[in-house]
Each structure stands twice: as structure tokens, then as C-alpha cells.
Amino acid sequence: MSGNPFETALVTLREASEIAGIDKDVVRILSVPKRIFEFTIPMKMDDGRLEIFTAYRVHYNDALGQVKNGTRFVPDLDLDTVKALGFWMTIKHAVGGIPAGGGKGGIRVDPGKLSEDELERLTRAFIRKLPMKGAWVDIPGADIGTSAKTQAWMLDEYEEIMGFHSPAAINDKPADVSGTLGSAEATGTGVFHITMEAVRDAGISPGAAVAIQGFGSVGSVAAQLLHQEGFKVVAVGDIYGGIYSKDGIDVPGLLEYVDRTGKVPGFPGGERVSNQELLELDCDILIPAAVQSVITSDNAARVKARLVIEAANGPVTPEGDKILQEMGVHIVPDVLANCGSAIVCSFERIQGLTDDYWDLERVMARLKERMAKAYNETTAAAAKRNTSLRNAAWINALEKLSRAIKARGWV
Ligand code: NAD
């Protein structure tokens, strides 16, 4: 398979469409983005030099509703990556029951090399120059290299251009400027709810042993909630390596330690393990919540967990997936397991449109409801087709997209 992310996305689309019997013309529509914007942003740097940045925004498909999602500021951004990410968001919204299309965008830039002033000017220029935007068209959110801070600048710039307030036009902004509560912990909390649903189906009892790779915004929140629920978090890792304790790690203590030192290894309550060893430890549930392609044909046969929750995007390669399936491991796919932030972003838009801002309890109660619904829909599709949850999630999404595309008369 090619290393081109968009080509990879198209292979998955073709395979899932084949299983689901999706109309060929629907597949043709889903194989191309609806709109692509590529533009340049010339900007005077603090030292007076002119830099010209390349920016992208892809509206991949909007059959289910206005486009929304992340804005990535990274030095190696290219159009195929943005197209692939926009396509994944189209699928994730459909899986999560979110009435929105998939989009993605960003700027080819290393934000770490910009001053605060330069970052603000570049962020404002991105939203100014973006040709189509707004609450009913395209709602940019945060992604790698962007944050609540950049989203507040985007909102401010957008509202200055338009001459009126429009809180629903930008996502992932701080609650202080009409964002939503709960956005920072949305994905980790969603991963927790999905795990609770999946343990029941996998016949795993509460108190079971969990290993988590990645202790960032997703992994740390999931670890905390599972620990509170009585699960034994036996291993946790970050980019520097992992720790293991067969009796369970003191997760609140670890959070405090990582806050102070910035690293998981070195925490006194566990023995050191490598990131590779962590994936192969004796545990019931494995949650890869760091990076892509960590479970492959090389190590899948040594995974001992009975349940794998894909909190990260694409942590199991297709070859690794095949081996795990043959071993009878339950796998909850990324498009389902980590759609919590996409769901909470849609809550953010609803709050911005209605001027009715929810308390954290309401956000979290609704997130739990929506995660359970997405899980139940996917397991029902898996049972009906006698297929894996991964195939079922894709089939479910493609059927929803197909119905919307046909109802709109596009085919
Ligand atoms: P983060 O940057 O907050 O944390 C990433 C964690 O993974 C850190 O602990 C880091 O040290 C660790 N890590 C990085 N490289 C590693 C490696 N090679 N081996 C082991 N550990 C490594 O990121 P996050 O927001 O927690 O996201 C984690 C994953 O979840 C990513 O794959 C991301 O794409 C996916 N995801 C995140 C969200 C979200 O809302 N944050 C939504 C959907 C999917």
C-alpha cells in the first residue's frame, strides 16, 4: 500500500463499500473532495523579512451538514494529508451521529518557530483569507499546532470581518468567549464510555487490568476515569517510555508527577518498561492513545489483551488488525472510540447558535448518551452483517452518507 494517506483512505473506502454494497456512484462522489482551497499568506515577520506560507482547507463532503473540524499548523502539511483527514472526519461524523460534513485545513508552518505576535497575525490572516466560512458553511476547530488560544483569535477576526457576533462559526474556543465546557476532556471521556460499553460485550469484569500507551489529553483522562471506576491501570506510557505495576498504578499520583516533571518514566510507583513491552503486557484491555501504527504484523501476535480500544487514530495497521481478529481480540475502531471531541464540537455549535450555554454536567451527560448510541448502532450493524466492529462502523457511516447523497439527488 502507498504511503500516501489519501490513497490509503481510498483503499479503506473501496473495501468497506464493497462489503456494504454501496452504490458505485456514491463511492465515486466519496472518492473526491467537494472543494479544495489552497492559498498563500504573505506575512512580514518580526525582523522585517517577508515569509510566504501555504495554507489549505478541504471541504471533503457536506451531504450530512455544514463542514467542520480541525486546523493543523505543522511544517510538513501537504494537500493529500489534508484531503485524507477531511475524509476521515466525514466518516467520523457519520459514525458519531453528528449532522456535519468532514473538513480539515491548516498552514505549512512550524508554530514553535514563530513569536506569539507572528502566530496571532498568521492565525488571523488564515481566517481572513479563507474563502468560504461561517456557522452554516465551515467551522474550523483546533488540531495539532493550534489550541483554544488560536481559536479565540480566529473567532475575533471572523466577527470583526463580519461586523456581528457569530460564536458558532469557530470551534474549540475557550468557554470565556462562548466556547463549550468539557472540550479539553471530551475525547478521553468518550474513550472511557466506549470502554465501559465494550467490556460488557467482551465479558470483561470491572476491576480488570488496563494498559494505556500515551498520557496526553486523551490517555490521561481515560486513565483517570477508568481508575475512578475501579479498573486496575497496570501500565501507562508516554514518548519517553512506560511504567508497569501488576497491582495497579496510583493514577492521581502519576498525574501530579507528570504535571511536575513532564514525563511518565521515573514515577516511583512502577517498574520501567519500553513502549514496545507495554503493548505486550499481561492485561485485559489495551488502549493505544498516542500515535498511529504501533500494533503491526511484527507484534500483534504477542498482544495479550482481550480488548483493544483505538483511542489514537490508526494505531493498528491492517496487517496487525487481521492477526488480532484471528486471535479473537475485540477491537473498537478509532472512528468510533475517539469521536468524543467531534461530538462535543457539535454541542459547541448548538450552544453558539442558541445562546444557551450548558453546564459541564449537561455536556457530559449528552456525550455519554451519544457515545452509547454510536456504540450500539455499530454493534447492531456488526451483528447484522456478522462482521468486525471496524467494518461495521464504516458500513454504518457509508450507509448514512449514501442515504443523504441520494436524498439530495446527487446520484
Ligand atoms: P497529546 O499530544 O496530548 O498526547 C500524546 C501522548 O502520546 C503523550 O503522552 C506523548 O508523550 C505520547 N507519545 C507521543 N509519541 C509517542 C510514541 N512514539 N510512543 C509512545 N507514546 C508517544 O495528544 P492527544 O490529544 O492525547 O492525542 C492522542 C491520540 O489521539 C493521537 O493519535 C490523536 O490523533 C488522537 N485523537 C485525539 C483527539 C483529541 O481530541 N485530542 C481526538 C481524536 C483523536
By accessible area (1.4 Å), largest first, Leu353, Leu85 order as Leu353, Leu85
Could you name the lysines whose alpha carbon sits less than 30 Å from that of Lys113, not counting residues in the same chain fewer than 8 places away?
Lys44, Lys68, Lys83, Lys104, Lys129, Lys133, Lys149, Lys173, Lys263
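Just to verify a number: FRET efficiency for Phe37 and Arg403, C-beta to C-beta distance, R0 = 25 Å, to 0.05? Let's see the in-between values first.
Working: r = 28 Å, r/R0 = 1.12.
About 0.35, to the nearest 0.05.
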Please give me, ordered by residue number, the trypsin sites (Lys or Arg not before Pro) of segment 22-62 that lie in loop per DSSP and have at most 10 other Cβ atoms within 10 Å.
Arg49
Between the alpha-carbon centers of segment 252-281 and segment 335-411, tell me the distance in whole angstrom.
33 Å
Which length gain, in nm to one decimal place, applies between Met45 and Lys129 when the Cα-Cα distance is subtracted from 0.36 nm times their residue separation?
28.4 nm
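Please list the three semi-axes, largest first and in whole Å, of the ellipsoid equivalent to the chain, using sqrt of 5 times the eigenvalues of its alpha carbon gyration tensor.
On the way: eigenvalues 219, 142, 84 Å².
Largest first, the chain gives 33, 27, 20 Å.
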Here, segment 34-167 modelled as identical Cα point scatterers in vacuum has Debye log10 I(q)/I(0) at q = 0.10 Å⁻¹ of -0.30
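Leaving out ligands, DNA and RNA, and with a 1.4 Å probe, what % of the accessible surface on the chain is carbon or sulfur?
On the way: 8640 of 17130 Å².
Whole-percent figure for carbon plus sulfur exposure: 50.
Mind running the shape call on segment 186-337? Use the C-alpha gyration tensor, a ≥ b ≥ c as the square roots of the eigenvalues: rounded below 1.5 for a/c, prolate if a/b tops b/c, oblate otherwise.
Values: a/c = 1.55, a/b = 1.33, b/c = 1.17.
Cα axes put segment 186-337 in the prolate bin.
With a probe of 1.4 Å, find how much accessible area segment 34-167 has per residue, and write the answer as a whole number in Å².
Accessible area per residue, segment 34-167: 38 Å².
How far, in nm, would the chain grow between Ser245 and Trp136 when pulled straight, counting 0.36 nm per residue and subtracting the alpha carbon separation?
Working: separation 109, 0.36 × 109 = 39.24 nm, distance 4.98 nm.
Once the chain is fully extended between Ser245 and Trp136, it gains 34.3 nm.
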For segment 21-32, Karplus couplings with θ = phi - 60° (6.51, -1.76, 1.60), whole Hz, Gly/Pro x
x, 6, 3, 4, 6, 5, 4, 5, 5, 6, 8, 9
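The values are calculated or read from the model by the stated rules, or taken from the named source; none is laboratory data. Source: prediction; values computed, not measured. Methodologically, a virtual Cβ is constructed for each residue, glycine included, from the backbone with ideal geometry; neighbour enumeration extends over all protein chains shown. Note: areas computed on protein heavy atoms with side chains; ligands, DNA, RNA excluded. Shrake-Rupley method; radii C 1.70, N 1.55, O 1.52, S 1.80 Å.
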